[in-house]
Amino acid sequence: IPNILKYDDTMDPDEHIDTYEWTMTSLRMDKIFTCSYFSVTLSGNASKWFKALRPGSISSFEQLRYLFPHNFMQLGKVKGDANYIKT
């Protein structure tokens, strides 16, 4: 398993999950492993968030891929220019 930079809620969550997913896909890891190993790439508040999830509340990596960035979206990079933000 490669060493993936840990997400500590100071970075862009989309970037982290994209890097993680690309790495797991390139290594041909199965979906169950991909979902369960994700917690190893978290630290600080992000790790606390993951540990606070109800057991069994995440049933797929796709669901995790949706929930993770939405929880930390205030840290994500805004895509587009100033006009995009206003609309």
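List of remarks:
- Scanning region 40-61 for residues that are assigned to a helix (DSSP H, G or I) and open to solvent by less than 40 Å² (accessible area, probe 1.4 Å) returns T41, A46, S47, F61.
- Any hit, region 40-60, residues being modelled with pLDDT under 90 and touching a Lys or Arg at 6+ places or on another chain (Cβ under 9 Å): yes
- The one condition in (1) at pLDDT 90 or above; (2) under 14 Å from the mean Cα position of the chain (by Cα); (3) part of a loop (DSSP other than H, G, I, E, B) that R28 fails to fulfil: (2)
- Filtering region 1-24 to residues that are within 15 Å of the chain's Cα centre (by Cα), open to solvent by 30 Å² or more (accessible area, probe 1.4 Å) and over 10 Å from F61 (Cβ atoms) leaves L5, K6, D8, D9, T10, M11, D14, E15, D18, T19, W22.
- Extreme residue, modelled with the lowest pLDDT, among residues of region 62-75 that are of a type outside the set (A, V, I, L, M) and surrounded by 15 or more Cβ atoms within 10 Å (Cβ to Cβ): F72
- Condition check for S36: modelled with pLDDT under 90 and within 22 Å of P2 (Cβ to Cβ): yes
The values are calculated or read from the model by the stated rules, or taken from the named source; none is laboratory data. Computed from a prediction, not measured in an experiment: that's the story for all the values here. Here the Cβ is made from the backbone with ideal geometry for all residues, glycine too, and neighbour counts use every protein chain on show. Remember, those area values only see protein heavy atoms, side chains included, never the ligands or the DNA or RNA. Shrake-Rupley method; radii C 1.70, N 1.55, O 1.52, S 1.80 Å.
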